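Values quoted throughout were computed directly from the atomic coordinates according to the rules given, and no laboratory measurement underlies them. All values reported here derive from a predicted model rather than from experimental measurement. Neighbour counts run over all protein chains shown; Cβ positions are idealised from the backbone, glycine included.
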Amino acid sequence: GNNNSKDYVFKLDNALPLFNVYEVTGYGYTQSGVYYYGGDYPTILLHAIISDSANNLWNISVYLETQEIVFFYWDTNTNSWMYTIYNTSLVSQVTISGDRSSAEIYVYTDAAKLSDGQYTLKTTARDDAGYVNSNSIKIAVDWTPPTIIDFWGEPWPGDYGTWDNYCVIEGQWDIYYK
């Protein structure tokens, strides 16, 4: 008997990329899970740490609504992360660090370039085996200052003062606005 054999080396990957951290900072306040920007809070800072237990991360895309704004990818020639910013008027800065087992990203977005409204900031991570995982955060932008249509005061019984373009109030007053 003749005998012939051949060795094959392969890597088993049965794990999705995981979002260990997914957050935004620099917001004014949150309400019902929505992060609000505008006024004194003009920069949306997305921070994410994404891991892959098979050491197989391939690329990461960041979307505002359905528009891809940043694409990070592993460059096999340099063995490092690279990126492309698709909307340079909206995205002011990005950083990425790590390797194919864990990547940390920061994406700085100028909220002043967005109209008032609610948006979804979504990040999708892919590995070489074709596994995909996504995470998203709702943000809202509000550049419209509040307006008060009418503002007045009424003194409590026995208290006094004047109410005009300026106010001199003595005692207790009820203040109203609408």
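Some notes on this structure:
- Of the residues Gly26, Gly153, Gly98, the one that moves most in a GNM of the chain with alpha-carbon contacts below 10 Å is Gly153.
- Using every pair of separate Cα atoms, the Kirkwood estimate puts the hydrodynamic radius of region 49-145 at 14.2 angstrom.
- Principal axis box of the chain, alpha-carbon based, largest edge first, Å: 117, 31, 23
- Neighbour count of at most 16 Cβ within 10 Å plus DSSP loop: longest GluC sites (Glu not before Pro)-free window in the chain: 66-169
- The phi-based Karplus calculation (6.51 cos²θ - 1.76 cosθ + 1.60; θ = phi - 60°) puts the 3J(HN,Hα) values of region 57-66 at 4, 10, 8, 9, 10, 10, 10, 10, 6, 9 Hz, whole numbers, x for Gly and Pro.
- Counting only chymotrypsin sites (Phe, Trp or Tyr not before Pro) that DSSP places in a loop and that have at most 11 other Cβ atoms within 10 Å, the longest clean stretch of the chain runs over 11-159.
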